[in-house]
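Since the structure comes first, as structure tokens, the remarks are kept for the end.
The values are calculated or read from the model by the stated rules, or taken from the named source; none is laboratory data. Keep in mind the model is a prediction, meaning the values are calculated, not measured. A quick note on method: Cβ atoms are made from the backbone with ideal geometry, for glycine too, and the neighbour counts reach across all protein chains shown.
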């Protein structure tokens, strides 16, 4: 495949390394220096675009791919307030797109476990649930897209939770967050170069149940994104990793 990398930071470079090892070709890269020059015509002779850019750039990148009729894999989060518009255009214009808050195969299995556990715990209201997430200090948005996906799954299954509430922790001594009983707390920390840790915790007066996923490197995300890029070839419509992994 001939691939365009929309965003050439740490994630873009991880995708490049895996793609080249699989004999794919990187034919175009968008970084901070040339982003202003990125136009739909830049994508000529491109089979697929992979976007790990910035929340502020993602929607524009998606629309340029649609205009060029190039399938796009979107790993950027923080733009989902415009998701309905993008979904409508993708379907109506017969374009192809895979989006995910996390392309890691392990995380998508974690999503499945989270949903099953949430369904089981719905019958046990004496357990309260919260989510903890930790990422590197360069991550701009919080809660993470992965944490939001986990929260939405829990809210779908748990009749006692109606919405989530995010909190960014700057240190361990911050006072406890006061939330309503029907709110799901997501605590976010930004530490060093942590790739991404997520924990879902159910706690009662007598015990605690936790499930955790820890990403050891960015290559898990890159591997999943490249898998999506290979899978989307010849398809139309909007998909997630659940479609690709048959979860």
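For residues in the range 8-28 being over 18 Å from residue 196 (Cβ atoms) and in contact (Cβ under 8 Å) with a residue 60 or more places away in the chain, which is surrounded by the most Cβ atoms within 10 Å (Cβ to Cβ)? Top of the filtered list is 19. Checked against (1) in contact (Cβ under 8 Å) with a residue 12 or more places away in the chain; (2) outside any strand (DSSP E or B); (3) exposed (fewer than 14 other Cβ atoms within 10 Å of the Cβ), residue 154 passes all but a single condition, namely (3).
For the range 36-46, check the following and say yes or no: at least one residue is closer than 30 Å to residue 143 by Cα, in contact with a helix residue (DSSP H, G or I) (Cβ under 6 Å, 6 or more places away or on another chain) and crowded, with 23+ Cβ neighbours inside 10 Å. Checked the range 36-46: no residue is closer than 30 Å to residue 143 by Cα, in contact with a helix residue (DSSP H, G or I) (Cβ under 6 Å, 6 or more places away or on another chain) and crowded, with 23+ Cβ neighbours inside 10 Å.
Would you call residue 137 outside any strand (DSSP E or B), outside the structural domain of residue 79 (by TED's automatic domain parsing), within 14 Å of residue 213 (Cα to Cα) and at pLDDT below 95? No, not satisfied. Within the range 200-222, being modelled with pLDDT of 95 or more, closer than 26 Å to residue 245 by Cα and surrounded by fewer than 20 Cβ atoms within 10 Å (Cβ to Cβ) holds for 201, 210, 211, 212, 214. Quick check on residue 114: is it crowded, with 16+ Cβ neighbours inside 10 Å, touching a helix residue (DSSP H, G or I) at 6+ places or on another chain (Cβ under 7 Å) and modelled with pLDDT under 95? Answer is no for this residue.
Looking only at residues in the range 83-123 that are part of a loop (DSSP other than H, G, I, E, B) and touching a residue at least 40 places away in the same chain (Cβ under 8 Å), the one that is nearest to the chain's Cα centre (by Cα) is 101.
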